[in-house]
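Trainee: A single structure is presented below for examination.
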Amino acid sequence: YAKLDSSKHDADSDAISLTQIATTAKNVRFRNEPAADYDDPEPDYDSDGAGNHRYNGARPKHGVAVLPALPGSAAGNLRQTARSADTEHDLSAMENLNEVSILHVLKERFKHDVIQTYIGDVLIVVNPYKKLDFYGDRYHEMYKFVNKRTDLEPHIYWTVDHAYRQMTDTTKNQVILISGESGAGKTESTKLVVKHLTHICQSTMSNLHDRIVKVNPLLEAFGNAQTVMNQNSSRFGKFVELNFNASGHMKGACIHDYLLEKSRVVHIGPHERNFHVFYYMFAGMPAETLRYYYLEDPMAHRILKSDHNQKRMFYDESDRKLCKQKFEEMEEIMGKVAFTKDDISTIYMCLAAVLYITNVEFQPEDDNDGVTIVDDFPVNYVSDLLTIDVDKLKTSLMCRTSVINEEDVIALKTMEQANDERDAVAKALYSRLFGWIVRQVNSKLVDSSSASATTSNSIGILDLSGFENFVDNSFEQLCINVANEKLQYFFNTFIFATEQAIYAEEGIDWSHIEFQNNEDILRLFLGDDDTAPSGSKRSFRRLPNMFTILDDESKSPQTTDSSLVRNWSNNLSDAQNFKSVSGDELAFVITHFADEVTYSANNFLEKNRDRLGANLVSLLQKSENDFIKDLFSAELADTGVLSRTKSKIRKSTGCGLGMKSRKSGRGSVTGETVRKLKTRGKHQMPGTSLHKVQTTASQYFKKSLEELMRKMRTADPLFVRCIKPNLDQERDMWSDKLVQRQLQYSGVLQIAKIARLGYPVRMSFCVFYKRFAMIFQERVPMPSGDACRKALKAAGISDEKFAIGKTKVFMKEDLADHLRLATLGR
Ligand code: ATP
Ligand code: MG
């Protein structure tokens, strides 16, 4: 059956029609003929023998001629579709449902550029790695107030439309969880969700829609980077919350950011890049502006070099052009949407300071344990850019201050400590700058007028970094993977466990469907109470788990990364999912829901402590630039709240330091200076209090994850599963193996079963009676299950289409649609 509503198509919409016609034609063939007879000749594909296929470029012929005439009205069409004819649109409706057939259908659809497929309410999107023509205005119109999911081609716009309608109908918050591996298309899907929402609803603020869409490139400039997996990989997670008033008008948005990969600021892997913004600056800023920030040669900066680009920053001229274009776009957004000129200037100063502080090099002192600074000029630039005292900066970089017996004690840093703490300043500066940008952006996305500040609902969209398994996996990967475990658990619980529990509670016979449960692994990491099924509140938190052991170890100065791994091995020996590696005292292996990952615990304790030297913090708090001062205020470290005052900006006359690198010999602070400093007074230095309020990185991570999960649990979820068709980021290329693995661990097969075997629509007896009174032959004051059953039987509905529980009627989706249409027809 063609699922096209002819009234929605113009003669000039070839691209749209062809896509849909191709699918429809394909569907007809697929249903009626064995797959082997399909007229797509093999030569269309190259195969490398390892399950990777690539088109030769020839597009399949569209079977326009075999298309049946389109029924004129959607209603006429609907009665036919109630027979679940359109199997491939919804995998759960397929008769022959197994892993191979699902893989086959997705692959065939992908071949025809049909990348979206339902599996019940869950949407699967396969990344096409090319621009497809079905996201434009016409589609926004088409997917506005969709009557029935299967009326139209599967589309992410349906998911959005459905979420919006659910929210306005039920006044319950909605959340759309977009998941998938790095490069699978989560961020692109998130943008489409926001775009469609801004089309289907009005907003209370004149340019709110525009702003919400526009801030994306700004956040991506600072939060995304090129990785081996994805040229525009999000190195932070985000939860976009769109808020609506009681009339369903959008009244604001709030972006919550999670887990920025700040280690990238100081270290980039082979064939990867640092955050986009650095490249945009060098490509887009005029030379004199760059010079104002003391910048000239990008290759003079350690953190912008990786193995493959020691000599050149840009791959080629078109790369440079693209970065320049992105810079212009970023500047426009910063100017128009978010920041003042002073803000923008300070942002660039912070970025330049990051580039220079990471260039500071140390060397061991001849007659002392400590280190000295090799070359003064990067420190001088940093001091000037951040408006902090240069001598104090040098001292802070070379020495540590601690308070022992109420006296400041200055200790010389070892080479390793000096390098680590220098990098820690750069990471802190960048990540706090990013946090500030997000908060600033948020302040521009709210309609603060009192009229719209009343109660409301929200639609949240979650785009969290996907599961990661690199050659080297560290603390950052562990956190990202734990977050993904948690989301997978949420998905499992929602789709499977909740479903089964509902059936059991209502006394409806339900054949148990096995699903991959990741409860054990969450317990291993978090000892999490909320993994316990409701009603069986076992206290997992008290069990030894990786994060509490990590925190305990981080408290003691004697521990090392290898003692941490030993401690884990000794205490978690019962856990099936944790293995230490013989011969490598830092390595350990975790069996995640998606894959087995080998981590190195190198630097875990330091990363978890996430500490900046107290004297460095104190120094930054004394910056003459209020913006920088605020970034390092104790309140920010503790609560994440920033009280911003007017920035003082460095005068444009520069700071008297020439652009040429000057080798000024050894640093000016020596052991002698340090000894003098030791005599300083008895009072505690400002900023040392920061140590006391500082939480560890894992505590902060757990707290924000819990907060996020709380939001998830109080909303109605909708799921979008993004699938990556190949590892080469190439169009028209499909790897069976890769897709199959993603389908397996994302639970697609189980969803199909549950959606098909289950009854997705349920209504209490009363609601059922109210909605479908016309099928009841007599008035029923207090409708019972028996009365509902009698009415359904009398209407000729067969038994397998519904089940009667203790309090509710359970229906197959097509039956519910059929009844709704019948009601409309009255
Ligand atoms: P990460 O976890 O690394 O951030 P991601 O899942 O967010 O990855 P995206 O950045 O959304 O991945 O997508 C990667 C690339 O794939 C995009 O830059 C774009 O080129 C392409 N892509 C993704 N989705 C689509 C789509 N629907 N249509 C066309 N191209 C797409
Ligand atoms: Mg992304």
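The values are calculated or read from the model by the stated rules, or taken from the named source; none is laboratory data. Just so we're clear, the structure is a prediction, and the values are computed from it rather than from any experiment. All Cβ positions, even for glycine, are placed from backbone atoms using ideal geometry, and neighbour counts span all protein chains on display.
Trainee: Please enumerate the residues belonging to the range 212-232 that are more than 15 Å from ligand 1 (Cβ to nearest atom) and either part of a strand (DSSP E or B) or surrounded by fewer than 21 Cβ atoms within 10 Å (Cβ to Cβ) (or both).
Mentor: Kept after step one, since they are more than 15 Å from ligand 1 (Cβ to nearest atom), are these residues of the range 212-232: 212-215, 218.
Those that are more than 15 Å from ligand 1 (Cβ to nearest atom) and either part of a strand (DSSP E or B) or surrounded by fewer than 21 Cβ atoms within 10 Å (Cβ to Cβ) (or both): V213, K214.
Trainee: List every residue pair whose Cβ atoms lie under 8 Å apart, where the two residues are 6 or more positions apart in sequence or sit on different chains, the first residue falls within the range 180-192 and is closer than 18 Å to A163 by Cα, and the second residue, located anywhere, is of a type in the set (K, R) and more than 6 Å from ligand 1 (Cβ to nearest atom).
Mentor: T190/K238
Trainee: Still on this model: Please tell me if V767 is touching a strand residue (DSSP E or B) at 6+ places or on another chain (Cβ under 9 Å) and either at pLDDT below 80 or under 17 Å from E505 (Cβ atoms) (or both). Don't jump to the end; show me each part of the working.
Mentor: Values: touching a strand residue (DSSP E or B) at 6+ places or on another chain (Cβ under 9 Å): yes; either at pLDDT below 80 or under 17 Å from E505 (Cβ atoms) (or both): no.
So V767 fails the test.
Trainee: Suppose we filter D509, D528 for residues that are at pLDDT below 90 and closer than 26 Å to S573 by Cβ; which single one remains?
Mentor: Values: D509 fails: closer than 26 Å to S573 by Cβ.
On inspection, the qualifying residue turns out to be D528.
Trainee: Looking at (1) crowded, with 16+ Cβ neighbours inside 10 Å; (2) without any contact (Cβ under 8 Å) to a residue 40 or more places away in the chain; (3) within 16 Å of ligand 1 (Cβ to nearest atom), can you tell me which one S318 breaks?
Mentor: So the condition that S318 fails would be (1).
Trainee: Within the range 804-819, can you find the residues that are in a helix (DSSP H, G or I) and within 35 Å of the chain's Cα centre (by Cα)? Write out each step before concluding.
Mentor: If we filter the range 804-819 for residues that are in a helix (DSSP H, G or I), which is where we start, we get 813-819.
Once the filter is applied, which keeps residues that are in a helix (DSSP H, G or I) and within 35 Å of the chain's Cα centre (by Cα), the range 804-819 yields E813, D814, A816, D817.
Trainee: Within the range 371-485, considering only strands (runs of 3 or more DSSP E) that don't extend past its boundaries, which have at least 1 residues that are closer than 30 Å to V213 by Cβ? Before you say what the answer is, go through the steps one by one.
Mentor: On the way: elements: 371-373, 399-404, 407-412, 457-463.
Ranges flagged: 457-463.
Trainee: Only one of K341, K336, K394 is basic (K, R) and modelled with pLDDT of 95 or more; which?
Mentor: Exactly one of K341, K336, K394 is basic (K, R) and modelled with pLDDT of 95 or more, namely K394.
Trainee: Regarding the range 271-286, can at least one residue be identified that is more than 15 Å from ligand 1 (Cβ to nearest atom) and closer than 18 Å to L464 by Cβ?
Mentor: Scanning the range 271-286 turns up no residue that is more than 15 Å from ligand 1 (Cβ to nearest atom) and closer than 18 Å to L464 by Cβ.
Trainee: Would it be correct to say that E778 is among the acidic types (D, E), touching a residue at least 24 places away in the same chain (Cβ under 8 Å) and in a loop (DSSP other than H, G, I, E, B)? Can you show your working first?
Mentor: Numbers: among the acidic types (D, E): yes; touching a residue at least 24 places away in the same chain (Cβ under 8 Å): no; in a loop (DSSP other than H, G, I, E, B): yes.
Considered against the rule, which asks whether it is among the acidic types (D, E), touching a residue at least 24 places away in the same chain (Cβ under 8 Å) and in a loop (DSSP other than H, G, I, E, B), E778 comes out as no.
Trainee: Which residues, taken from the range 289-308, are free of Cβ contacts under 8 Å to residues at least 60 places away in the same chain and either touching a Cys at 6+ places or on another chain (Cβ under 6 Å) or closer than 17 Å to I347 by Cα (or both)?
Mentor: Across the range 289-308, the qualifying residues are T289, L290.
Trainee: Moving on to the next point. What number goes with the only condition from (1) of a type in the set (S, T, Y); (2) more than 19 Å from the chain's Cα centre (by Cα); (3) at pLDDT 95 or above that T401 does not pass?
Mentor: Here T401 meets the rest and fails (3).
Trainee: Take the range 134-156 and flag every residue that is part of a helix (DSSP H, G or I) and within 12 Å of ligand 1 (Cβ to nearest atom).
Mentor: Pass one, the range 134-156, residues part of a helix (DSSP H, G or I): 137-142, 149-151, 156.
I156 - this is the single residue of the range 134-156 that is part of a helix (DSSP H, G or I) and within 12 Å of ligand 1 (Cβ to nearest atom).
Trainee: For the range 224-234, enumerate the residues that are more than 9 Å from ligand 2 (Cβ to nearest atom) and not β-branched (V, I, T). Even if it seems obvious, please write down each step before you answer.
Mentor: Filtering the range 224-234 for residues more than 9 Å from ligand 2 (Cβ to nearest atom) gives 225-229, 231.
Selection gives A225, Q226, M229, Q231.
Trainee: Then there is this: If I filter the range 159-210 down to residues being crowded, with 18+ Cβ neighbours inside 10 Å, hydroxyl-bearing (S, T, Y) and assigned to a helix (DSSP H, G or I), which single residue comes out as nearest to ligand 1 (Cβ to nearest atom)?
Mentor: T187
Trainee: Hey, can you tell me all the residues within the range 586-612 that are surrounded by fewer than 17 Cβ atoms within 10 Å (Cβ to Cβ) and assigned to a strand (DSSP E or B)?
Mentor: Within the range 586-612, V589, E596, T598 meet the criteria.
Trainee: Anything in the range 118-133 that is of a type in the set (S, T, Y), near ligand 1 (Cβ under 9 Å from one of its atoms) and part of a strand (DSSP E or B)? List them, or say none. Lay out the reasoning, then the answer.
Mentor: Going residue by residue through the range 118-133, those that are of a type in the set (S, T, Y) are 118, 129.
Of the ones still in play, those that are also near ligand 1 (Cβ under 9 Å from one of its atoms) are 129.
Selection gives nothing.
Trainee: Of everything in the range 770-803, what is closer than 29 Å to V146 by Cβ and touching a strand residue (DSSP E or B) at 6+ places or on another chain (Cβ under 8 Å)? Give them in sequence order.
Mentor: Within the range 770-803, R771, C788, L792, K801, F802, A803 meet the criteria.
Trainee: Could we say that P760 is at pLDDT below 85 and touching a helix residue (DSSP H, G or I) at 6+ places or on another chain (Cβ under 6 Å) here?
Mentor: On the way: at pLDDT below 85: yes; touching a helix residue (DSSP H, G or I) at 6+ places or on another chain (Cβ under 6 Å): yes.
So P760 fits the description; yes.
Trainee: Another question, if that's okay. Taking the conditions exactly as written (more than 16 Å from ligand 2 (Cβ to nearest atom) and in contact (Cβ under 8 Å) with a residue 24 or more places away in the chain), does L259 satisfy them or not? Steps first, please.
Mentor: On the way: more than 16 Å from ligand 2 (Cβ to nearest atom): no; in contact (Cβ under 8 Å) with a residue 24 or more places away in the chain: yes.
So L259 does not fit the description; no.
Trainee: Any residue at all in the range 398-421 that is in contact (Cβ under 8 Å) with a residue 60 or more places away in the chain, of a type in the set (G, A, S) and surrounded by fewer than 23 Cβ atoms within 10 Å (Cβ to Cβ)?
Mentor: Going residue by residue through the range 398-421, those that are in contact (Cβ under 8 Å) with a residue 60 or more places away in the chain are 398-403, 406-410, 412, 420-421.
With the extra rule that they be of a type in the set (G, A, S), the set shrinks to 402.
Checking the rest, the ones that are also surrounded by fewer than 23 Cβ atoms within 10 Å (Cβ to Cβ) come to 402.
Yes, there is a match, as at least one residue in the range 398-421 is in contact (Cβ under 8 Å) with a residue 60 or more places away in the chain, of a type in the set (G, A, S) and surrounded by fewer than 23 Cβ atoms within 10 Å (Cβ to Cβ).
Trainee: Checking the structure you have, find out if any residue of the range 233-243 is more than 16 Å from ligand 1 (Cβ to nearest atom) and surrounded by fewer than 23 Cβ atoms within 10 Å (Cβ to Cβ).
Mentor: Within the range 233-243, the subset more than 16 Å from ligand 1 (Cβ to nearest atom) is 241-243.
From the residues that got through so far, the ones that are surrounded by fewer than 23 Cβ atoms within 10 Å (Cβ to Cβ) too are 241, 243.
Looking for residues that are more than 16 Å from ligand 1 (Cβ to nearest atom) and surrounded by fewer than 23 Cβ atoms within 10 Å (Cβ to Cβ), one finds at least one in the range 233-243, hence yes.
Trainee: Please specify each residue of the range 457-475 satisfying the condition of being surrounded by 20 or more Cβ atoms within 10 Å (Cβ to Cβ), more than 13 Å from ligand 1 (Cβ to nearest atom) and of a type in the set (D, E).
Mentor: Matches in the range 457-475: none.
Trainee: When you look at E188, is it within 16 Å of ligand 2 (Cβ to nearest atom), among the charged types (D, E, K, R) and more than 21 Å from R721 (Cα to Cα), yes or no? Give the steps one after another, and end with the answer.
Mentor: Details: within 16 Å of ligand 2 (Cβ to nearest atom): yes; among the charged types (D, E, K, R): yes; more than 21 Å from R721 (Cα to Cα): no.
The answer is no for E188.
Trainee: Of the residues that make up the range 341-359, is at least one over 30 Å from V213 (Cα atoms), part of a loop (DSSP other than H, G, I, E, B) and touching a residue at least 40 places away in the same chain (Cβ under 8 Å)?
Mentor: yes
Trainee: Looking at G237, G183, G252, which is the one that is within 11 Å of ligand 2 (Cβ to nearest atom) and under 22 Å from K444 (Cα atoms)?
Mentor: G237
Trainee: Filter the range 591-626 down to the residues that are at pLDDT 90 or above and under 29 Å from D342 (Cβ atoms) and list them by number.
Mentor: If the condition is that a residue be at pLDDT 90 or above and under 29 Å from D342 (Cβ atoms), then L619, L620, Q621, K622, S623, E624, N625, D626 are the ones that fit.
Trainee: Any residue that is within 16 Å of ligand 2 (Cβ to nearest atom), among the hydrophobic types (A, V, I, L, M, F, W, C), modelled with pLDDT of 85 or more and within 15 Å of H592 (Cα to Cα) - is there at least one of those in the range 487-502? Spell out the reasoning first.
Mentor: From the range 487-502, those within 16 Å of ligand 2 (Cβ to nearest atom) are 487; that's our starting set.
Among the residues that remain, those that are also among the hydrophobic types (A, V, I, L, M, F, W, C) are: 487.
Filter once more, so that each one left must be modelled with pLDDT of 85 or more: 487.
Then drop every residue that is not within 15 Å of H592 (Cα to Cα), which leaves 487.
Yes, there is a match, as at least one residue in the range 487-502 is within 16 Å of ligand 2 (Cβ to nearest atom), among the hydrophobic types (A, V, I, L, M, F, W, C), modelled with pLDDT of 85 or more and within 15 Å of H592 (Cα to Cα).
Trainee: Any idea which of (1) crowded, with 20+ Cβ neighbours inside 10 Å; (2) aromatic (F, W, Y); (3) under 30 Å from I102 (Cβ atoms) is the one Y745 doesn't satisfy?
Mentor: For Y745, the exception is condition (1).
Trainee: Could you count how many residues in the range 713-735 are in contact with a strand residue (DSSP E or B) (Cβ under 6 Å, 6 or more places away or on another chain) and under 18 Å from A483 (Cβ atoms)? Quick ask: steps written out before the conclusion?
Mentor: Step one: filter the range 713-735 for residues in contact with a strand residue (DSSP E or B) (Cβ under 6 Å, 6 or more places away or on another chain), giving 715-723, 725-726, 732-735.
Still in the running and under 18 Å from A483 (Cβ atoms): 715, 717, 719-722.
Selection size over the range 713-735: 6.
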